[in-house]
1. Give the accessible area for Tyr231 in Å² (nearest 10); use a 1.4 Å probe, count only protein heavy atoms, and leave out ligands, DNA and RNA.
2. In terms of modelled amide H atoms, which long-range or inter-chain residues lie less than 5 Å from the amide H of Ile242?
3. Output wanted: per-residue J couplings in Hz (rounded whole) for the stretch 172-178, from phi through Karplus 6.51 cos²θ - 1.76 cosθ + 1.60, θ = phi - 60°, x for Gly and Pro.
4. Would you please give the residues with an amide H less than 5 Å from that of Ser57, counting only those at least 5 places away or on a separate chain, with H modeled from the backbone geometry?
5. Taking amide H positions as placed in the peptide plane 1.01 Å from N, state which residues far from Phe80 in sequence (5 or more) or on other chains have amide H under 5 Å from it.
6. Grab the eigenvalues of the alpha-carbon gyration tensor for the stretch 5-311, scale each by 5, take roots, and send me the semi-axes largest first in whole angstrom.
7. Whole-Hz Karplus ³J(HN,Hα) for the stretch 54-61, in order, using 6.51 cos²θ - 1.76 cosθ + 1.60 and θ = phi - 60°, x for Gly and Pro?
8. Starting with the highest mean, order 87-100, 64-77 by the number of other Cβ atoms within 10 Å, averaged over the residues of each peptide.
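The values are calculated or read from the model by the stated rules, or taken from the named source; none is laboratory data. Just so you know, these numbers come straight off a predicted model, no measurement behind them. No Cβ is skipped: glycine too gets one built from the backbone with ideal geometry, and neighbour counts run over all protein chains shown. Remember, those area values only see protein heavy atoms, side chains included, never the ligands or the DNA or RNA. Shrake-Rupley method; radii C 1.70, N 1.55, O 1.52, S 1.80 Å.
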Amino acid sequence: MEFAPEMLEYANLISSKGLTGFTQGSIQERRDGYSAIGELLGEGPLMREVQDISIPSKSGNVFIKNYIPKTEPKSKILYFHGGGWVVGRLKDFDPFARKLAEITSSIVSLVDYRLAPEAPFPQPLEDAYTSLEWIFSQNENIWKNLPLVVAGDSAGGNLAASTIMRAKETSGPKIDLQILIYPVTEAICDTNSYKEFELGPGLTKKDMEWFISQYLPNPNTRSDPKASPLYQTGWKDLPPAIAFIANIDPLRDDGKLYAEKLKEAGVSVLFKEFKGYTHGFFTKVNLLKAPDQGLRIISEEMDRVFKRKEVVL
């Protein structure tokens, strides 16, 4: 196991500041600890506009922050942030959302879904699907004719995968591409990578078991395909996918096995394993170079999938 040099520098920076992130304390202390790391990221690029909106749902409202890039938008991306369904606030992902919007020339809609344990499964999924129906309906003015991408990292990747599955099963909104960044695809924690990285570095099996216990307090729900999309049976006709994983990560095999299932069903998949990186690296823009590299790969693949051609003047 060898760290990428910048990953090691990042780990040393976190350690030198005494930050523990989400690993210790009460729910609120873990949320604050996670946000304290996010504050190190600085600011993301300037946008043409940032909109705060609220959409009605069965249980109240879902809040979404739209990031509209300076360039003409080529896509609309519905994004579910990570944080084990428990931690993570929109401000923690603001720099990343801005980078995603800028590099892909897309409107990025960052979803403030309800968090566990206050809102356990399936409540965050209901918020996710409500937000999908909303973004699909946006097709006027700047939104007109934009292909729809559903994306997420970690627990957000879990919500993305389950939302995409529901849309297919119910003949819901048409999704043109899915982007899954080290997604949680099963809630049983028994893959080889969970054994290999049980104690970390970074995210541990114990951490994941704690997160899962908050989101899925009833163990009987953990094998439900809505909670563990790796266990779904209908893989055909899902949207083309981009799947990224970190190789030093208990969730490594979650993403790898999911990508393999998609490929076996004939779904086009761009798969990349980032060697030397631990879980959570991809949203640490400004502090790491790998996210920018990954976002450029995503942008190029989006152009390929949507059959865009670069215009040379």
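1. We get 80 Å² for Tyr231.
2. For Ile242, the qualifying residues are Gln178, Ile179, Leu180, Leu270.
3. So the J values, rounded to whole Hz, are x, x, 7, 10, 8, 7, 10.
4. Long-range HN contacts for Ser57: Val62.
5. Sorted by chain and number, the residues that satisfy this are Ala151, Gly152, Asp153.
6. Working: eigenvalues 136, 101, 81 Å².
Ellipsoid half-lengths, sorted descending, are 26, 22, 20 Å.
7. Values, residue by residue: 10, 10, x, 9, 5, 10, x, 10 Hz.
8. Details: 87-100: 21.3, 64-77: 19.1.
Put in order of decreasing packing, that is 87-100, 64-77.
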